[in-house]
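The numbers here are math on the coordinates, done by the rules we state, and not lab data. Given the structure is predicted, the values throughout are model-derived calculations rather than measurements. Here the Cβ positions follow ideal geometry from the backbone for every residue, glycine too, while neighbour counts run over all protein chains shown.
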Amino acid sequence: MNKIFETPLYGYDRSPDQDAPSPVRHKVIVIGAGPIGLAAAIDLAQKGVDVVVLDDNDKVSFGSRAICFAQRTLDIADRLGGGRPMVDKGVQWNVGKVFFDNREVYSFDLQPDAGYANPAFINLQQYYLEQFLVDRARALQAQGAPLEIRGRNKVEAIGTHDDHVKLEVETPEGSYTVEADWLIACDGANSPTRRMLGLDFVGRVFEDNFLIADVIMDADFPSERWFWFDPPFNRGQSALLHKQPDNVWRIDLQLGWDIDKEREQRPENVIPRLKAMLGEDIQFDLEWVSIYTFQCRRMENFRHGRVLFAGDSAHQVSPFGARGANSGIQDTDNLCWKLKLVIDGQAPDSLLDSYNSERIQGADENILNSTRSTEFITPKSPMSRILRDAVLDLSEHYDFARPLVNSGRLSVPCTYDGSPLNSADALNGPAGTRPGSACPDAPLGDGFLLPGLADKFTLLTIDADGPDRIEEDGIEVTRLALSVKDDPTQELKRRYLGDATSAVYLIRPDQHVAARRDSYEDNAFRQAIRRATGKE
């Protein structure tokens, strides 16, 4: 058993808040020290916001849980100071293979183009990500950042008010009361916060169960995503194989609906299934076993006054497609810069409504893709199965059929089309950098583009004139001036100019495009700044 499961990372220490004569008020309290809560806390602390994280545990999560982290998540982690440990530890992959019965019907490459600082995907157990984020939080604390993690602090009651939230917190030394101007709930799919506020999910629960097993073994399988439909070792069902660090392999086996979950998790039942898949000669040890059910659900709203929900506490999707943790990290990426502006009085409270609308759009996109994957993986009628199997047969020989194969559409960042923060698109440029899009990376001399766009409003000019600095209604925008001559690979031109000869972009602090034009027009960009901060 991995010792990381047993080691407290943020043990209980008595807080001065517990001895205060009246409840202490903090700017932000985050409930949950999983990846989403820690990412939110680090992001806010880097911005100078006082933030306290409360968690009823004091250790990392047990088992691999979320394992696939997409390029966009790694880009965000770089901004938070934790991306490099993830990439260094993780298993990089970009090739996936799809099998039908015992035949490989096709393979795909998620990153055929070069010119990105980060790989398309890495596989990394969630407990390592949590450890890296706690390490980053500790480093920020040592630098004087206003960040505190309180382990074994369980929130038992929440009271909401117009200007604050009050929490009753239970500890090993009794309970205390604390207040927050803002509360971010990152306490998971079974969110006690959601329950205490009388809120629920809307959506679907699918009638299928999957066995997850973390298996420690020395095997010569490549670092690729392998997905089977109707394999000989699991007839009528599906299976997935992923490599993780430390010779740990993640195996998902579809079991069907009417099962005894407790019985199916017993080693004497799990091991024969794994031997049927891997072969009798492969030696392995079980590290973790669990069973999950497909769920595609979300809250109707992610904002409830001064309580904001993020990650699994706000939305749930099936794990095929790696959309759970990745979308949760994107929630915090969207939220924290907006919350900072509101706290500092540089934006109206209504700016946070755009967190609700943009990330609901992201959740709905993930739920739609996840639902379609689920229906393809687990057909619900004989006719649906005949159609699916025909698509798989055709995909072995014909390119046209391969886009129809759906073993889990893998996570990509949401483009916030129609966002109230977007300005009209005045550049006949690439679709991938239209307003609302997450900025793609590009080579830049000895480095890459995205670090220059992090944590601030940026005026990106490419072979175009523009001011070095703009101040509009208290918002400061700095210029990053580039030329396609800076990139001999021409990826900057391909991703940001297309057929245009020049371009000017307004980039949000979360590296999403707010506006773009072929040249700088002062009034248009000042209006775009006001719109992007909720002032128009």
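Taking the Cα centre of the chain as origin, sum charge times position over the Cβ atoms of Lys and Arg (+1) and Asp and Glu (-1), and report the length of that vector in debye to the nearest 20.
480
With +1 on each Lys and Arg Cβ and -1 on each Asp and Glu Cβ, how big is the dipole of segment 149-239 about its Cα centre, in debye rounded to the nearest 20?
With only Lys, Arg, Asp and Glu charged at Cβ, the dipole is about 160 debye.
Once you've got the Cα coordinates, tell me which of LYS59/LYS89; LYS47/LYS493; LYS59/LYS97; LYS27/LYS535; LYS456/LYS493; LYS154/LYS456 are over 26 Å apart.
LYS47/LYS493; LYS59/LYS97; LYS154/LYS456
Under 20 Å between alpha carbons, and skipping anything fewer than 8 positions from LYS166 in its own chain: which aspartates and glutamates qualify?
Filter leaves ASP17, ASP19, ASP50, ASP55, ASP56, GLU148, GLU156, GLU179, ASP181, ASP187, ASP349.
Using alpha carbons only, how many angstrom separate the centre of segment 446-510 from the centre of segment 183-236?
Computed from Cα coordinates, the inter-centre distance equals 39 Å.
Please report VAL205, VAL405 as a ranked list, fewest other C-beta atoms within 10 angstrom at the top and most at the bottom.
Final ranking by Cβ density, sparse to dense: VAL205, VAL405.
Order by neighbour count: ASP113, ASP218, ASP333, fewest other Cβ atoms within 10 Å first, most last.
ASP218, ASP113, ASP333
Rounded, prolate or oblate: which fits segment 202-295, taking a ≥ b ≥ c as square roots of the Cα gyration tensor eigenvalues, rounded meaning a/c under 1.5, else prolate when a/b beats b/c?
In terms of gyration-tensor shape, prolate.
Which whole-number percent gives the relative contact order of the chain, counting Cα pairs below 8 Å spaced six or more residues apart?
Worked out over the chain, it gives 14 percent.
What are the DSSP H helices in the chain that stretch 18 Å or more along their long axis, judged by alpha-carbon atoms, and whose average Kyte-Doolittle hydropathy comes to at least -0.5?
126-142, 324-343, 382-395
Arrange CYS336, CYS439 by Cβ neighbour counts within 10 Å, fewest through most, would you?
Final ranking by Cβ density, sparse to dense: CYS439, CYS336.
With only Lys, Arg, Asp and Glu charged, each at its Cβ (+1 for the first two, -1 for the last two), find how big the charge dipole of segment 431-532 is about the Cα centre; round to the nearest 20 debye.
So the magnitude is around 320 debye.
Just want the answer: with Cβ charges of +1 for Lys and Arg and -1 for Asp and Glu, which residue in LEU308, VAL513, GLY429 is farthest toward the dipole's positive end in the chain?
Projecting each Cα onto the dipole axis, the largest value belongs to GLY429.
When the helix-only estimate is applied to the chain (DSSP H runs of n ≥ 4, each -39,500 (n - 2.57), divided by the residue count), what is the mean residue ellipticity at 222 nm, nearest 500 deg cm²/dmol?
-8500 deg cm²/dmol
For the chain, give me the percentage of DSSP beta bridges that are antiparallel, rounded to the nearest 5 percent.
Close to 70 percent.
If the cut-off is a Cα-Cα distance under 13 Å, which aspartates and glutamates reach LYS485, setting aside same-chain residues fewer than 8 apart in sequence?
ASP463
Normalised by the residues of segment 202-295, what does the relative contact order come to in percent, with Cα pairs under 8 Å and at least six apart?
45
Would you tally the net charge around GLU358, using a Cβ to Cβ cut-off of less than 13 Å, leaving GLU358 out, and scoring K and R as +1, D and E as -1?
Local net charge: -3.
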